[in-house]
Amino acid sequence: MNDTTPTPTAGRPHAELGPSSSDIWLTCLQAPREWKKVPPRRAGFAAHEGTLAHTLCEAALTLRGIPWKPGMTFEVEGDVVTVTDEMLNAVQLYVGITNTISDFALWRAIEKQVSFAWLWDKPPADDLFGTADFTAADTKVLYLLDLKYGKGKVVNVIGNTQLLCYGVGAYGLLREQRPELARTIEEVSLAVIQPRAGGQAVRQWNIPISELIYWAYAVLKPSVDKILSAELLPLVPGNHCFFCAASRECPAYLKHRLRDATFPDLTTQEMLAASMNALDMI
């Protein structure tokens, strides 16, 4: 292993109201309060695979090369993860796209923490941030790339709240570092690179910067204000609950799962068993 290769780690700070969980907390404003009631879950092997893939992508851009070989192993939070041809192909795809954008970009940031706290005169919380994989800008376009190494579910890019939050944060970073460039931005290009999910490996969604800023002030900011308020908020179940840390204990999600189920001629004991089985599937 090259001594200049950084050790992969899953220890990056994670914000409670960060972009990666925004699909949950923007749909169910009560969710962050529920998360505080349950113990944190340990990330699984698939998440550690993704951590290694992200680490290799970041290192490849720093080293200006891909020095790893299939079969090499790295430890990520107790799991031994092996570098595979599939992983290296994903790294090559990511590096190729980011290098192409970098060739004409006037500004870029790699694995930088971006925050949408700039929407407030006085930020209401410290954890309104996320880590953007790659963002860059030319005179008219702000680019945001997000690497997804998972293969179980194709991530839809259109309307993706995680990308929108990253875009708001990246625009804030650009305003801070290159205000003269930020003033000329007309469009935001949001893209997911997901080579293992099947179909198109790169999916892109372009929106005017005015629409991004409108969404930030019309949806993102008021949602955060409500979450951090003392207002009583309802539990809103749906598909987003699959990734929610509190779903197993959530009564609204249990009702949602059982709503269309039928249990003909079941005793009370059998009904309880069916309910527990539904919980085990969450």
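The values are calculated or read from the model by the stated rules, or taken from the named source; none is laboratory data. Please read these numbers as outputs of a predicted model, since none were measured by experiment. So basically every Cβ, Gly included, is an ideal-geometry build from the backbone, and we count neighbours across all protein chains shown.
Per this entry, Lys122 is not counted among residues that are part of a loop (DSSP other than H, G, I, E, B), exposed (fewer than 13 other Cβ atoms within 10 Å of the Cβ) and either touching a residue at least 24 places away in the same chain (Cβ under 8 Å) or not assigned by TED's automatic domain parsing to the domain that holds Thr135 (or both).
Taken together, the criteria exclude Thr131 from residues that are surrounded by 15 or more Cβ atoms within 10 Å (Cβ to Cβ), more than 30 Å from Leu228 (Cα to Cα) and not aliphatic (A, V, I, L, M). Within segment 249-282, track down each residue that is surrounded by 15 or more Cβ atoms within 10 Å (Cβ to Cβ) and either among the aromatic types (Phe, Trp, Tyr) or modelled with pLDDT of 75 or more (or both). Those that are surrounded by 15 or more Cβ atoms within 10 Å (Cβ to Cβ) and either among the aromatic types (Phe, Trp, Tyr) or modelled with pLDDT of 75 or more (or both): Cys250, Ala252, Tyr253, Leu254, His256, Arg257, Leu258. Within segment 185-193, is even one residue surrounded by 12 or more Cβ atoms within 10 Å (Cβ to Cβ), modelled with pLDDT of 95 or more, touching a Pro at 6+ places or on another chain (Cβ under 9 Å) and not in a loop (DSSP other than H, G, I, E, B)? Checked segment 185-193: at least one residue is surrounded by 12 or more Cβ atoms within 10 Å (Cβ to Cβ), modelled with pLDDT of 95 or more, touching a Pro at 6+ places or on another chain (Cβ under 9 Å) and not in a loop (DSSP other than H, G, I, E, B).
Every residue, every condition in (1) assigned by TED's automatic domain parsing to the domain that holds Asp85; (2) within 24 Å of Trp25 (Cα to Cα); (3) aliphatic (A, V, I, L, M), yes or no:
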residue: Asn160; (1), (2), (3): yes, yes, no
residue: Pro179; (1), (2), (3): yes, no, no
residue: Glu211; (1), (2), (3): yes, yes, no
residue: Leu254; (1), (2), (3): no, yes, yes
residue: Arg257; (1), (2), (3): no, yes, no
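For segment 158-184, a residue qualifies if it is surrounded by fewer than 20 Cβ atoms within 10 Å (Cβ to Cβ) and in a loop (DSSP other than H, G, I, E, B), and the qualifying residues are Ile158, Gly159, Arg178, Arg183, Thr184. Of all residue pairs spaced 6 or more apart or on separate chains, those with beta-carbon atoms under 9 Å, a first member in segment 63-81 that is in contact (Cβ under 8 Å) with a residue 24 or more places away in the chain and a second member that is among the hydroxyl-bearing types (Ser, Thr, Tyr) and part of a strand (DSSP E or B) are Met72/Thr82; Phe74/Thr82; Val81/Thr73. Within segment 206-244, work out how many residues are in a helix (DSSP H, G or I), surrounded by fewer than 18 Cβ atoms within 10 Å (Cβ to Cβ) and modelled with pLDDT under 95. The qualifying residues number 3. Does Val202 fit the bill of being within 17 Å of Ser21 (Cβ to Cβ) and modelled with pLDDT of 90 or more? Answer is no for this residue.
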